[in-house]
Amino acid sequence: MEDKVREKDHLKISNKKYNSRLIVGTGKYKNFEECARSVKMSGAEIVTVAVRRVNIENKRKPVLMDYINPKKITYLPNTAGCFTSDEALRTLRLAREIGGWKLVKLEVLGDKKTLFPDMIETLKSTEILSKEGFEVMVYCSDDPLMAKRLENVGAVAIMPLAAPIGSGLGILNEVNIKIIRSKTKLPLIIDAGLGQSSDAALAMELGSDGVLINSAIANSKNPVKMAYAMKNAVVAGRHSYLAGRMKKKIFGKRSTINKGII
């Protein structure tokens, strides 16, 4: 029964379908082994990779590809740590040269304390990258108007923050997420700020197509177990959204009918 419920419900980004709606980051883990075990337990089919932090000099050190097979898991190069459009463009062009990646995650930060996205630089970068043939998934603020502009300049997915990166505060503005959902036809992926499995479930219940989680898994006391919790939360939240919740009422209403009561 479960397979029949899920078989037609895929996450589609660009022209590719994914069974899992959970995307997992690969930073902040104690080691690559813990990262790989967590990714496996999460069921994720896409992992983000910070291009600026990839080891390309010391060939004696282990690399992520030794633990997570890029032929089985989609690598999503991102521009974590970039604060200007020029930095982000250079980073993703390098990623394409190194690995041939076209599907990328764009992230242009505004300042080092809040890590909020610089939306002017982000919008400019999205347009340039799209014209160069990149398929750009864009980390952005939870501004519905800006999300629509990103769609108009060629983004393939909108990725609004739930809260500041790494904060674990959960979704701070449900209303804006709902508005973005109603205004864009693109995949909506909640990115940044989730802290526990209930946050992931709520993101899906609001109509998101998926969530991207790194810190909430990697910084938990048991990343492998938390990855499993996030996997199930995303599935539960998605089914809840598709099922359609009951209407809220001010007053109580009994579950049984009056007719036939002894």
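The values are calculated or read from the model by the stated rules, or taken from the named source; none is laboratory data. In this text, all values refer to a predicted model and were calculated from it rather than measured experimentally. Virtual Cβ from ideal backbone geometry, glycine too; neighbours counted across all protein chains shown.
When the stretch 111-126 is examined, which residues are found to be buried (at least 16 other Cβ atoms within 10 Å of the Cβ) and more than 20 Å from the chain's Cα centre (by Cα)?
Narrowing the stretch 111-126 to residues buried (at least 16 other Cβ atoms within 10 Å of the Cβ): 115, 117-119, 121-126.
Correct list: 121, 124.
Exactly one of these conditions fails for residue 22: (1) under 20 Å from residue 136 (Cβ atoms); (2) modelled with pLDDT of 95 or more. Give me its number.
Of everything listed in (1) under 20 Å from residue 136 (Cβ atoms); (2) modelled with pLDDT of 95 or more, residue 22 misses just condition (1).
When you check residue 107 against the structure, is it in contact with a strand residue (DSSP E or B) (Cβ under 7 Å, 6 or more places away or on another chain), modelled with pLDDT of 90 or more and of a type in the set (Asp, Glu), yes or no? Give the steps one after another, and end with the answer.
Numbers: in contact with a strand residue (DSSP E or B) (Cβ under 7 Å, 6 or more places away or on another chain): yes; modelled with pLDDT of 90 or more: yes; of a type in the set (Asp, Glu): yes.
Yes: the conditions hold for residue 107.
Quick check on residue 159: is it outside any loop (DSSP other than H, G, I, E, B) and in contact with a Phe, Trp or Tyr (Cβ under 6 Å, 6 or more places away or on another chain)?
Numbers: outside any loop (DSSP other than H, G, I, E, B): yes; in contact with a Phe, Trp or Tyr (Cβ under 6 Å, 6 or more places away or on another chain): yes.
Judged against the criteria, residue 159 is a match.
Which residues, taken from the stretch 88-110, are among the basic types (Lys, Arg) and surrounded by 20 or more Cβ atoms within 10 Å (Cβ to Cβ)?
Within the stretch 88-110, 105 is the sole residue that qualifies.
Any idea which residue in the stretch 195-248 is farthest from the chain's Cα centre (by Cα), counting only those that are of a type in the set (Lys, Arg) and surrounded by 18 or more Cβ atoms within 10 Å (Cβ to Cβ)?
Here is the first cut: in the stretch 195-248, the ones of a type in the set (Lys, Arg) are 221, 225, 231, 238, 245, 247-248.
Then keep just the ones that are surrounded by 18 or more Cβ atoms within 10 Å (Cβ to Cβ); that gives 231, 238.
Working: 231: 13, 238: 14 Å.
Here the answer is 238.
Of all residues in the stretch 76-110, how many are assigned to a loop (DSSP other than H, G, I, E, B) and over 21 Å from the mean Cα position of the chain (by Cα)? Talk me through it step by step, then tell me what you get.
Going through the stretch 76-110, the residues assigned to a loop (DSSP other than H, G, I, E, B) turn out to be 79-84, 100-102, 107-108, 110.
Subset that is over 21 Å from the mean Cα position of the chain (by Cα): 84, 100.
Selection size over the stretch 76-110: 2.
Checking the structure you have, find out if any residue of the stretch 182-205 is part of a helix (DSSP H, G or I), modelled with pLDDT under 95 and either among the small types (Gly, Ala, Ser) or in contact with a strand residue (DSSP E or B) (Cβ under 6 Å, 6 or more places away or on another chain) (or both). Working first, answer last.
In the first step, residues of the stretch 182-205 are kept if they are part of a helix (DSSP H, G or I); the result is 182-183, 197-205.
In the following step, the residues that additionally are modelled with pLDDT under 95 were identified as 182-183.
Now restrict to residues that are either among the small types (Gly, Ala, Ser) or in contact with a strand residue (DSSP E or B) (Cβ under 6 Å, 6 or more places away or on another chain) (or both): 182.
So far as the stretch 182-205 goes, yes, one or more of its residues are part of a helix (DSSP H, G or I), modelled with pLDDT under 95 and either among the small types (Gly, Ala, Ser) or in contact with a strand residue (DSSP E or B) (Cβ under 6 Å, 6 or more places away or on another chain) (or both).
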